[in-house]
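**Student:** The structure is given below, and queries will be raised subsequently.
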Amino acid sequence: MAAASRRSRRRRAGPGCGSRRAAPGTAAQVTACQAGAVSEPDTELTATLRRIERAAGALATASVARMDETLPWFRALPADQRSWVMLVAQAGARSLVQWLRSGGGTADSTQEVSDEVFATAPQALARSISLQQTVALIKVTIDVVEEQVPHLAAPGEEPQLRDAVLRFSREIAFAAARVYARAAESRGSWDARLQALLVDALLRGDSPDVLASRAAALGWTDAPPVAVAVGRSPGGEVSAVLHTVYRQARRIGAEVIGGVHGDRLVIVLGGAADPVAATGELLEAFGEGPVVVGPAVPSLDEATESARAALAGFRAAPAWPAAPRPVPAADLLPERALAGDAEARRRLRHDVYATLARAGGELLETLDAFFAAGGTLESAARALFVHPNTVRYRLRRIAEVTGFSPLSARDAYALQVALTVGRLDPVVTVVPTQTMAPGVRKTSQTGDDLGRSL
């Protein structure tokens, strides 16, 4: 064995380097021969490598057969993906030979397995098979190779081959991890750009088809209800900001799409029964300042309405320093109306002022008197020449028909703004009369207490 080793080293040294019959050369020639002897790896598995090369196809076939026996999910793969796995297994056998020839089989070697082992399969395979499943495939392949070590190793080389296979399995696992890490980084960057485009389309009010196509590319399941939350971005890398959003969303079991637009973080939230409460669980992802949640809608197609309300509320939120965090956009109707939000003005006219006008029962007159009296029941009753209990009844009626209670300071403010908006934008209403034939209606301009509504 020692003699064979010496002959092997003489062959690696090359002609004229170490031969007794060689003519003495110059110092440069001696140095070159020594450098060549050092740079050439000391491979003691020459015969074994030839056996592995000849058995590469059989090893790959046996590995795939073992995968089919032991891995149920592998049996469910389409035929084309199973063939890709066969190609990877064959490339792995060739890579083992190359790795050993490069010196990877020695104990002190730092030689790494090339990631090109996985280049034989298309990138679609990485999207079909997870990293955990890939590790399972590698384990099965290594097990098959280890079982064949007695047949693959030349006489006396079995211990070295077994140790080399053990080190190779570690390196091939690291190579797989590198491949998946790069794929994840690339996919993450693409997803971040696609999500930013989706959020931008949502804010612009693009067609539902555009929203649906981009959401489908992101795997959005459109679980109802859907709502949009807007707050200040904490700053820093966009990927880090969105990572925090996704981590928190997974914890509460909600579906999210996020995007950073300037200094604002916009989150589309789906599948949460209470979007405001769910947004409260995501506050860690937002920066300082108000966080406004738009109204819940049935699907992403209608989320533009929620996004517009949330953005309008975010712009108007500084006018209410004591606002809760997060705050529904509907709670900011007075501030939004004063900030010029047309939708907020419309809702205050329709849902509050016009509702009071249609309800009758002197509700508008009572509300004016109550505000003029500084919120004092008795003073309002004296001004109206009615009993205080009548005022109480009318105030309760106002709360029932509008959803705002005059006895609450915040609701009273919203009611006052609604009265102002309703009277600034009076319109002609259709009022039925008793003197005309059934089904005929007459238009007329009513007083403040009866008819200035849309």
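**Student:** Charges on Cβ only, +1 for Lys and Arg, -1 for Asp and Glu, centred on the Cα centroid of the stretch 365-425; of L377, T366, N389, which one is farthest towards the dipole's positive end?
**Tutor:** N389
**Student:** Using the heavy atoms of the protein chains and a 1.4 angstrom probe, tell me the accessible area per residue for the stretch 372-416 in square angstrom.
**Tutor:** Working: 2590 Å² over 45 residues.
Per residue, the stretch 372-416 has an accessible area of 58 Å².
**Student:** Taking the Cα centre of the stretch 265-348 as origin and charging only Cβ (+1 Lys, Arg; -1 Asp, Glu), how large is the dipole, in debye to the nearest 20?
**Tutor:** Values: 7 positive and 11 negative charges, 73 e Å.
Using Cβ point charges on Lys, Arg, Asp and Glu, the stretch 265-348 gives about 340 debye.
**Student:** What does the convex hull of the Cα atoms come to per residue for the stretch 351-432, in Å³?
**Tutor:** Details: hull volume 7.7 nm³, N = 82.
Looking at the stretch 351-432, the number lands at 94 Å³ per residue.
**Student:** If I compute solvent accessible area with a 1.4 Å probe over the protein chains, what percent of it on the stretch 310-416 is carbon and sulfur? Let's see the in-between values first.
**Tutor:** On the way: 2680 of 5060 Å².
Answer for the stretch 310-416: carbon and sulfur cover 53 percent of the accessible area.
**Student:** Additional query: Subtracting the Cα-Cα distance from 0.36 nm times the residue separation, let me have the gained length for R232 to R178 in nm, one decimal. Working shown, then result.
**Tutor:** Details: separation 54, 0.36 × 54 = 19.44 nm, distance 3.51 nm.
Result for the pair: 15.9 nm of gain on full extension.
**Student:** Could you please state, rounded to a whole Å, how far the C-alpha centre of the stretch 322-397 is from the C-alpha centre of the stretch 46-71?
**Tutor:** A separation of 82 Å, based on Cα centres.
**Student:** While we're on this one: Taking just the alpha carbons, could you work out the radius of gyration and Dmax for the stretch 301-402, both in angstroms?
**Tutor:** According to the Cα coordinates of the stretch 301-402, Rg and Dmax are 16.6, 53 Å.
**Student:** Moving on. So how strong a dipole does the stretch 320-399 carry about its Cα centre when Lys and Arg Cβ are +1 and Asp and Glu Cβ are -1, to the nearest 20 debye?
**Tutor:** Values: 12 positive and 9 negative charges, 37 e Å.
It works out to roughly 180 debye.
The values are calculated or read from the model by the stated rules, or taken from the named source; none is laboratory data. If you're wondering where the values come from, they're calculated on a predicted model, not measured in any experiment. Glycine also receives a Cβ, built like all others from the backbone with ideal geometry; neighbour counts cover every protein chain displayed. Just so you know, the surface numbers come from the protein's heavy atoms only, side chains and all, with ligands and any DNA or RNA stripped out. Shrake-Rupley method; radii C 1.70, N 1.55, O 1.52, S 1.80 Å.
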